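Structure record follows, encoded as structure tokens.
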Amino acid sequence: MRGSPEVAVLRLGHRPGRDERMTTHVGLTARALGADRVILAGEGTSRADTVEDITDRFGGPFGVDTTDSPVAVIEEWEGVVVHLTMYGLPVQEEIADVREAHRSGPLLVVVGAEKVPWDVYEAADWNLAVTNQPHSEVASLAVFLDRLFEGAELDREWEDADRKVVPQAEGKRVEERGRE
């Protein structure tokens, strides 16, 4: 994954009181599953500190940016734009073409919260669906990134982490960096 062109995730919209965890989870999912950065728009920018805190503790690199003009981010993006929407084409039928296009340039993955402006559908190179059923934008992002990276993101190592989760069959174990 590293060494390939950038993958950024743009979170459109944020419904205060309703999307606090969802916006945070978009950022955390983007980080954990191979994206290089997340761009939070509008009132969702308040979640940037939480994503940065997790990155500081559990490793990076991972960037967190904010914008008041998300449609401008899409329109000015110099690379491929994929909008995840239940109204799009099936991801499983299009992912090979997306992967090929991404080899030559950066990829912006757009996920919404509230009603997505028509401009986004028109500006996207692909409008893709992870099923054509209503469900979470976090789930769509996770499935999309896993398909994009073909599972390689699941073996990613975090060199600069202060903490490391130690996998085990039962219980929870987190080690401070540098401790055995």
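Every read-out reported here was derived from the displayed coordinates using simple, explicitly stated rules and does not represent laboratory data. Here the structure is a predicted model, which means the values were calculated and not measured. Note that we place each Cβ from the backbone using ideal geometry, even for glycine, and neighbour counts take in every protein chain shown.
Couple of notes before you dig in:
- The chain, dipole about Cα centre (Lys/Arg Cβ +1, Asp/Glu Cβ -1), debye to the nearest 20: 580 debye
- From phi via Karplus (6.51, -1.76, 1.60), per-residue ³J(HN,Hα) for the range 147-160 in Hz, x at Gly/Pro: 5, 4, 8, 6, x, 4, 5, 6, 9, 5, 9, 10, 5, 9
- Taking the alpha carbon gyration tensor of the chain, multiplying each eigenvalue by 5 and rooting it gives semi-axes of 27, 19, 16 Å, largest first.
- The mean sequence distance of close C-alpha pairs (under 8 Å, at least 6 residues apart), as a share of the length of the chain, puts its relative contact order at 28 percent.
- Dipole of the chain [Lys/Arg +1, Asp/Glu -1 at C-beta], most positive-end residue of TRP126, HIS83, VAL26: VAL26
- Summed over qualifying helices (DSSP H, 4 residues or more, each -39500 (n - 2.57)) and divided by its residue number, the chain shows a 222 nm mean residue ellipticity of -10000 deg cm²/dmol.
- A protection proxy built from the mean count of other Cβ atoms within 10 Å ranks the segments 28-41, 162-175, most packed first, as 28-41, 162-175.
- Remark: the range 104-117, residue by residue, has Karplus-estimated 3J(HN,Hα) of 9, x, x, 10, 10, 9, 10, 10, x, 10, 8, 4, 7, x Hz, where x stands for each Gly or Pro and the curve is 6.51 cos²θ - 1.76 cosθ + 1.60 at θ = phi - 60°.
- Centroid-to-centroid separation of the range 51-79 and the range 119-149 [C-alpha atoms, Å]: 18 Å
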